[in-house]
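Undergrad: Encoded as structure tokens, here's the structure I'll be asking about.
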Amino acid sequence: MSRYQYIRKCYKLISDIFKSEGKANKAAAVASNTTTSALKNSLHEIQTELLRSQIGSKWSVIDAIYATRAAQILPRQCPLCAHNAPDQFFPKMQSYCIFGGGDLLRHLCPKCNLVFGPDKMFDLTSLGLAEEYTWHYKAYREGDSTESEIRTFHKLEPSKNGTYLNYGAGNWSNTMQILRSQGWNVYAYEPHDSASFCDKYDWVIDTKQRLSEISFDGIFSNNVLEHLRNPVQELHHMSTLLNKNGTMAHATPCYEYLYEYTRFHLFFFAGKSKDLLLEKAGLQLVDELIDGSYHCRVAKPFCYGTGV
Ligand SMILES: [Zn+2]
């Protein structure tokens, strides 16, 4: 339906509500409520369409600006291995954001195989990146990944006596409700308001301050690592939250160059880079599961040893 058709539909719905006003009988009241609900839905559809248009317009302007300065880029540095070379020696990976974010030009590090970018997302401040998520989640919703999240949780080989953390939990899956109803002591960490839980449960943590007050026997995430602006630092921070012999399990298809059609995927830990990521964060791999696009890596801090 076009924007014009949405507006025509709203106009008719509003007219119907006015016509039903003053009619005291119950049938008219019920009809009015139904019309009001339909009006809300139509207005929401218009809002979503306008937001998507606004996002697309913003990024097409940014793309035009970045295109003019492409030739001015100085030597490029890999954000993981720090390999430094002229930009032309980093092979380019091109894609397009299906969420209105325009052209996606990323770079492949010839030394560690990390794919990173686009520059326009890296150039955002942390506040700017948070605002991007806020607008994105007003116009789009994430899919339900309950099954993968629960699968990743169990890769921790959890104990009913342990305390666990779902890092970057979001609020689109039923993982937390299911695990907690099964008696697991699991917390959810989600710092972004736009993605956080509508209901404030006591097991939802939304600040790093509160996170630092609890220690965990295991930390897991699903489809999170590729979104982190500083994944090494963030993984290292997670390791400081672990109890002795604690474990982490992080699943994402972006251990390869997959699901590249969103500007929010900043890193793809292809080839050697997935091991280097762990090494830089002071972690060592203890288990790995690859099943189709499901890819989970389980790690422990170096200082605890693998126990094998
Ligand atoms: Zn590199």
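The values are calculated or read from the model by the stated rules, or taken from the named source; none is laboratory data. Bear in mind the structure is a predicted one, so any value in this text is a computation, not a measurement. FYI the Cβ positions are ideal-geometry reconstructions off the backbone, even for glycines, and counts take in every protein chain you see. For the accessible areas, the whole protein counts, side chains as well, though only heavy atoms, and no ligand, DNA or RNA atoms are used. Shrake-Rupley method; radii C 1.70, N 1.55, O 1.52, S 1.80 Å.
Undergrad: Say we look at the stretch 84-104 and pick out the residues that are out of contact with any Leu (no Cβ under 8 Å at 6 or more places or on another chain) and free of Cβ contacts under 8 Å to residues at least 24 places away in the same chain; which of these is nearest to the ligand (Cβ to nearest atom)?
TA: 84
Undergrad: Out of the residues in the stretch 135-148 meeting the condition of being part of a helix (DSSP H, G or I) and open to solvent by 60 Å² or more (accessible area, probe 1.4 Å), tell me which one is farthest from residue 100 (Cα to Cα).
TA: 147
Undergrad: What number of residues in the stretch 56-83 are crowded, with 16+ Cβ neighbours inside 10 Å and either within 16 Å of the ligand (Cβ to nearest atom) or assigned to a loop (DSSP other than H, G, I, E, B) (or both)?
TA: Residues that pass the stated criteria total 6.
Residue by residue, here is whether (1) at negative phi; (2) open to solvent by less than 30 Å² (accessible area, probe 1.4 Å); (3) in a loop (DSSP other than H, G, I, E, B); (4) assigned by TED's automatic domain parsing to the domain that holds residue 294 holds:
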{"site": "129", "(1), (2), (3), (4)": "yes, yes, no, no"}
{"site": "133", "(1), (2), (3), (4)": "yes, yes, no, no"}
{"site": "176", "(1), (2), (3), (4)": "yes, yes, no, yes"}
{"site": "179", "(1), (2), (3), (4)": "yes, yes, no, yes"}
{"site": "187", "(1), (2), (3), (4)": "yes, no, no, yes"}
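Undergrad: Consider residue 283 carefully, then state whether it is open to solvent by 20 Å² or more (accessible area, probe 1.4 Å) and either in contact (Cβ under 8 Å) with a residue 12 or more places away in the chain or within 16 Å of the ligand (Cβ to nearest atom) (or both).
TA: So residue 283 does not fit the description; no.
Undergrad: Turning to a different aspect of this structure: Hey, does the stretch 91-103 have a residue that's closer than 25 Å to residue 294 by Cα and in a loop (DSSP other than H, G, I, E, B)?
TA: Within the stretch 91-103, the first condition is being closer than 25 Å to residue 294 by Cα, and the residues that meet it are 93-99.
With in a loop (DSSP other than H, G, I, E, B) added as a condition, the list becomes 98-99.
Among the residues of the stretch 91-103, at least one is closer than 25 Å to residue 294 by Cα and in a loop (DSSP other than H, G, I, E, B), which makes the answer yes.
Undergrad: Just one of the numbered conditions (1) in contact with an Asp or Glu (Cβ under 8 Å, 6 or more places away or on another chain); (2) more than 15 Å from residue 282 (Cα to Cα); (3) part of a strand (DSSP E or B); (4) not small (Gly, Ala, Ser) is not true of residue 247; which one?
TA: Looking at each condition in turn, residue 247 falls short on (2).
Undergrad: Let me ask something else. Does residue 275 satisfy the criteria of being within 16 Å of the ligand (Cβ to nearest atom) and outside any loop (DSSP other than H, G, I, E, B)?
TA: Criteria met by residue 275.
Undergrad: Regarding the stretch 151-163, can at least one residue be identified that is under 17 Å from the mean Cα position of the chain (by Cα), within 30 Å of residue 52 (Cα to Cα), touching a residue at least 24 places away in the same chain (Cβ under 8 Å) and open to solvent by less than 30 Å² (accessible area, probe 1.4 Å)?
TA: no
For every residue, the table says whether it meets (1) exposed (fewer than 15 other Cβ atoms within 10 Å of the Cβ); (2) in contact with a helix residue (DSSP H, G or I) (Cβ under 8 Å, 6 or more places away or on another chain); (3) closer than 18 Å to residue 79 by Cβ.
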residue: 205; (1), (2), (3): no, yes, no
residue: 217; (1), (2), (3): no, no, no
residue: 233; (1), (2), (3): yes, no, yes
residue: 258; (1), (2), (3): no, no, no
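Undergrad: Counting only residues that are of a type outside the set (Ser, Thr, Tyr) and part of a helix (DSSP H, G or I), which one in the stretch 149-174 is nearest to residue 136 (Cα to Cα)?
TA: This residue is 149.
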